[in-house]
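**Q** Handing you a structure now.
Every number here is computed from the coordinates shown, using simple stated rules; none is lab data. Everything quoted here is computed from the prediction, not taken from an experiment. We place every Cβ from the backbone using ideal geometry, glycine too, and count neighbours over all the protein chains shown.
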């Protein structure tokens with residue numbers, strides 16, 4: 001409403017000139033209302049800076065063009081603003097793709113440059129008034145939004161704290177559900193069908209939310225860095241609770257398993273209840289210290305609850321460990337493992353051991369989380385309210401902020417994907433080695449030259465260009481230039497910048513033609529700038545996101561044009577009525593922008609209103625409202641179509657290809673992670689801190705890679721393709737990979753407590769065989785996803801290797817109990833829990849192989865009638881997995 005008043009009501013309206021209506025457009029595109037004052041202030045500073053920079057460069061271009069025009073060179077005078085426009089659009093496109101925080105700022109710079117440089121490229125009018133008009137326009141857009149925001153919004157809102165509290169709440173529900181199924185004393189909690197998926201998405205997004213919270217202005221007592229340890233705790237708990245937690249419920253007094261159930265029941269129940277209390281205490285403290293003001297009375301209450309939960313958890317953990325140690329050393333437990341008559345009995349023992357080990361690991365993770373919660377409460381009680389502000393750095397600019405109203409599938413944290421033709425690091429090292437190594441005798445020429453003065457030849461060879469080219473210093477420079485050239489050639493940021501500049505260049509050609517040409521007359525008469533601006537706002541970094549934004553903006557354009565047409569018939573030239581209708585339209589549009597997953601529809605619907613409702617600023621009194629609606633809608637639609645064509649044919653980045661590349665990279669990281677976990681089979685020394693840190697980094701990298709693959713999979717729906725995509729197979733593959741990551745993380749933690757002599761050193765040949773089979777399967781799948789070729793018909797069976805390992809581990813544990821007086825205690829349970837996880841791991845590897853065969857087929861070396869009968873006509877038209 002304020003912006004409409006300043007644009008329409010005199011004497012303010014005269015300061016904006018004929019383009020004053022653009023203040024409404026910029027208000028919606030660059031200065032829209034954010035969640036809090038800090039975000040609003042940040043958005044205003046960035047957008048104003050970009051706007052003033054664009055005004056400065058555009059005015060410089062027009063000034064240089066005027067100097068050239070004064071010498072009669074009109075063609076060069078028109079070329080100067082065109083080159084400036086291309087340079088601005090190229091730089092803005094690169095910054096938008098490289099630094100997500102500058103997304104809106106880069107678009108605003110292009111927006112202003114388009115209007116200033118294409119409105120009067122010939123220079124027939126004075127150049128200074130347009131610059132003054134746009135200074136007023138962007139100032140009004142910023143002030144009209146900033147003033148109400150500073151009065152009505154709160155200073156800051158730590159979205160990270162609410163996300164962490166929500167994750168702890170969902171983890172508590174999941175654990176309560178598992179405990180309710182295991183114990184009668186706890187009521188069974190019904191879970192929603194997608195709670196595990198929501199928890200996974202929230203857990204993965206916590207890293208990005210933490211980066212956003214760490215780089216925002218905020219007022220509070222506690223630094224958001226205090227919340228970072230909870231991110232690792234949440235991911236740990238999610239992985240532990242994502243696995244099957246089975247505890248025998250039916251008690252048969254005649255069953256030999258009954259004594260073990262009785263021994264495990266009470267400590268497991270008490271430990272589970274203590275874990276629930278601890279999660280609840282942490283959730284309340286995090287939410288209170290960051291989202292609410294805590295009074296001294298409430299602080300003492302939270303501290304008391306935290307103290308009680310910590311004592312209960314410690315006591316339950318000590319009791320559970322003692323009971324489990326006693327049970328694992330008993331003879332009855334050994335008889336359960338050696339029950340060959342009942343095959344199901346050892347499996348239930350393994351599941352029960354895995355259940356108990358999961359509770360122990362969850363309790364250990366929560367002990368450190370309780371310490372962090374106590375530290376937060378202490379800092380909150382002893383600190384004063386202060387302003388937290390970010391440090392200006394490239395890391396801050398590289399984080400996608402909350403201040404940007406992004407599309408649901410818009411900006412993706414992408415990585416540079418190099419072309420397959422590039423050389424590998426191993427090839428580079430081999431080339432360097434060949435340059436340094438002397439020629440072997442077999443490589444020397446058979447015929448030698450006649451005897452001559454060898455000193456001149458050696459001197460000549462020493463100073464030949466070939467020697468200079470292969471010298472160590474030149475070789476180092478060549479390698480640096482090679483890496484730089486490859487990064488430039490395959491950089492998605494430069495490609496997006498080129499597409500951004502190329503599209504603007506092609507669409508703006510009529511604006512830089514001579515004034516007497518029909519193209520220039522059409523561009524100025526129909527205001528072709530809307531076509532360029534629409535192209536600018538639709539062009540995204542991948543094809544699927546561009547298609548989604550495109551059809552949403554087409555829908556918003558149609559809706560906005562219809563509303564503007566009806567409103568123009570009612571308002572006519574009444575400025576007060578126009579203000580009322582613009583304000584009424586903002587209510588549902590703001591809801592669509594801020595509360596739905598398709599903000600583009602609302603944004604483009606609003607920016608379609610001013611060009612149709614305010615024709616007097618265009619001096620288009622001769623055109624009817626209906627004609628204006630058709631013209632403006634047509635130009636915006638033309639820009640959208642141009643963006644779709646540009647992103648579909650010039651450097652297309654199809655989400656299917658990006659998904660397959662991400663899956664291939666994840667499989668390669670899985671191989672590295674599993675080989676790192678099995679390094680003790682080749683080196684008996686304990687793993688170093690560097691190796692442990694490398695494993696943690698690999699887990700984080702895999703998780704981020706799978707998260708990007710999930711985004712590409714969702715965006716894949718928005719792409720138009722002649723060939724249907726097997727999205728269900730892709731989804732199942734992604735689910736298997738996520739489960740595989742959870743299992744490898746669980747195996748890494750459990751292997752820290754297993755008995756090495758009985759479970760590792762005595763069966764090292766079995767473990768090596770299992771590692772070899774799993775690594776070969778992962779490598780085969782990685783190769784299939786990279787080359788899109790079929791898998792071999794036969795691969796070594798990891799299940800056979802696991803069965804042999806399981807049998808040998810049981811024999812070694814039984815032999816250790818009989819031949820040695822020492823007690824294995826809890827390590828024996830950890831060894832059995834590891835076997836249970838390895839079973840799930842092998843099953844996931846087999847599922848991954850089946851899915852890979854479904855996607856890429858099987859390279860069969862024999863398909864005779866004894867193995868695969870001839871398919872019928874119906875069977876031949878249906879893809880199926882043919883294997884021995």
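**Q** Strictly greater than 31 Å: what percent of every Cα pair in region 655-876 meets that?
**A** Taking all Cα-Cα pairs of region 655-876, the fraction more than 31 Å apart is 31 percent.
**Q** Based on the mean of other Cβ atoms within 10 Å per residue, sort peptides 694-701, 99-106, 76-83 so the most packed one is first. Please list the in-between numbers first.
**A** On the way: 694-701: 15.5, 99-106: 22.2, 76-83: 19.4.
Highest mean packing first, the order is 99-106, 76-83, 694-701.
**Q** Taking the Cβ-Cβ separation of residue 266 and residue 807 as r and a Förster radius of 41 Å, what is the calculated FRET efficiency to the nearest 0.05? Display every interim value, and only then the final one.
**A** Working: r = 32 Å, r/R0 = 0.79.
The computed FRET efficiency comes out at 0.80.
**Q** Mind checking the full-extension length gain between residue 9 and residue 521? Use 0.36 nm per residue of separation minus the Cα-Cα distance, one decimal, nm.
**A** 181.2 nm
**Q** What FRET efficiency, computed as 1/(1 + (r/R0)^6) with R0 = 41 Å and r the Cβ-Cβ distance, is obtained for residue 189 and residue 584, rounded to the nearest 0.05?
**A** On the way: r = 45 Å, r/R0 = 1.10.
Taking R0 as 41 Å, the efficiency between residue 189 and residue 584 is 0.35.
**Q** Which FRET efficiency value, to the nearest 0.05, is calculated for residue 152 and residue 196 with the Förster distance at 35 angstrom and r the Cβ-Cβ distance?
**A** After rounding, the FRET efficiency stands at 0.35.
**Q** Same structure again: At 0.36 nm per residue, and after removing the present C-alpha to C-alpha distance, how many nm does the segment from residue 301 to residue 125 gain when stretched out fully? Show your work: numbers first, answer last.
**A** On the way: separation 176, 0.36 × 176 = 63.36 nm, distance 7.22 nm.
Separation in residues times 0.36 nm, less the Cα-Cα distance, equals 56.1 nm.
**Q** Follow-up question, since we're still on this one. Using a 10 Å cut-off on Cβ atoms, rank the peptides 760-768, 844-852, 260-268, 67-75 from the highest mean neighbour count down.
**A** Values: 760-768: 16.8, 844-852: 20.2, 260-268: 18.4, 67-75: 12.6.
Descending mean neighbour count gives 844-852, 260-268, 760-768, 67-75.
**Q** In nm, to one decimal, how far is the modelled label at residue 371 from the one at residue 482, with both set 7 Å along Cα→Cβ?
**A** Roughly 4.9 nm, to one decimal.
**Q** Moving to a separate point now. Suppose each label sits 7 Å from its Cα in the direction of the beta carbon; what would the residue 786-residue 756 distance come out to in nanometres?
**A** 3.4 nm
**Q** Listed highest first by mean packing, meaning other Cβ atoms within 10 Å per residue, what order do 19-31, 230-242, 640-652 come in?
**A** Those peptides, ordered most packed to least, come out 19-31, 230-242, 640-652.
**Q** Under the 0.36 nm per residue contour assumption, what length would be gained going from the current alpha-carbon distance of residue 471 and residue 566 to full extension?
**A** Extra length from residue 471 to residue 566 when fully extended: 26.6 nm.
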